[in-house]
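This report refers to the structure that appears directly beneath it.
The values are calculated or read from the model by the stated rules, or taken from the named source; none is laboratory data. From a predicted model like this one, the values you see are computed outputs, not experimental measurements. Glycine also receives a Cβ, built like all others from the backbone with ideal geometry; neighbour counts cover every protein chain displayed. Quick note on the areas: whole protein, heavy atoms, side chains included, nothing else; ligands and nucleic acids left out. Shrake-Rupley method; radii C 1.70, N 1.55, O 1.52, S 1.80 Å.
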Amino acid sequence: MNEPFIRNHQYNCIRDQAESVLRALRTVSDPMIVESVRSGAQAKVAALFTGLTDYRKALLESIAVMKTADDIRSYLQALEPYRVAFPWISEQQIRKLFPKNKKLKLPDFAQIDLRRVTYLSWIDIQTNKMYIVYEAGGQFVGVEGRYTESNKKSYCFACNRYEELVFFSAISKNRPANASSDDYRSVGNYICLNGHDCNNNITDVSALEKFIVSVTV
């Protein structure tokens, strides 16, 4: 059986490139421009991966020969079996990430398609807190912080899409040497209120990982 190799954010990027080809096919009459869009999409998809020389390379490169909406759908459907799921995490493991929260309320993760997840997030309205769980280097990392509703749409720092946001502020574990218990640094940014939307949008994890590092390291 062929092993999954496409992470959620990579699939989202591939999907966006496929849709750009479809827009060109529908709106551009110059075949040279359409071919340029195809070639650009192929290059951007190839840049997501390194060292692919087998069937996976050929599978991804077929974006360059798509000519119809059906081709686009078939291409994306063919990639579905190769999507890497967010690693399964138990309720006990999550609670260990947030040991100070003895009454931590968790959503029903069994209802989530983990193949479409880059990070887990949820909000506890009663405590006015947001929680994020991310996997990096084989280890789970948990970040908790206060959230403030912005009541407006703007660009999320994690997915860089125009969505309804909240301001998420977490206390950094990185403190100056000999700092008192009252000396702390807060790190904040605007992130999607709806984690499902953010996971569906995100095409690059660098901003998210930088934020997590700034809080946890």
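Counting only protein heavy atoms and using a 1.4 Å probe, what share of the accessible area of the chain belongs to carbon plus sulfur, as a whole percent?
Exposed carbon and sulfur together represent 51 percent of the surface.
Just how large is the dipole of the chain about the Cα centre, in debye to the nearest 20, putting +1 at every Lys and Arg Cβ and -1 at every Asp and Glu Cβ?
520
A 1.4 Å probe, protein heavy atoms only, puts the accessible area of F5 near 30 Å². In terms of its C-alpha gyration tensor, segment 99-217 comes out rounded, because the ratio a/c of the largest to the smallest axis stays below 1.5. Of the trypsin sites (Lys or Arg not before Pro) in segment 58-116, the ones in a loop by DSSP (not H, G, I, E or B) with at most 14 other beta carbons within 10 Å are K67, K100, K102, K103, K105. Entry comment: accessible area of the chain is 59 Å² per residue, from protein heavy atoms only and a probe of 1.4 Å. V213 contributes about 80 Å² of solvent-accessible surface, heavy atoms of the protein only, 1.4 Å probe.
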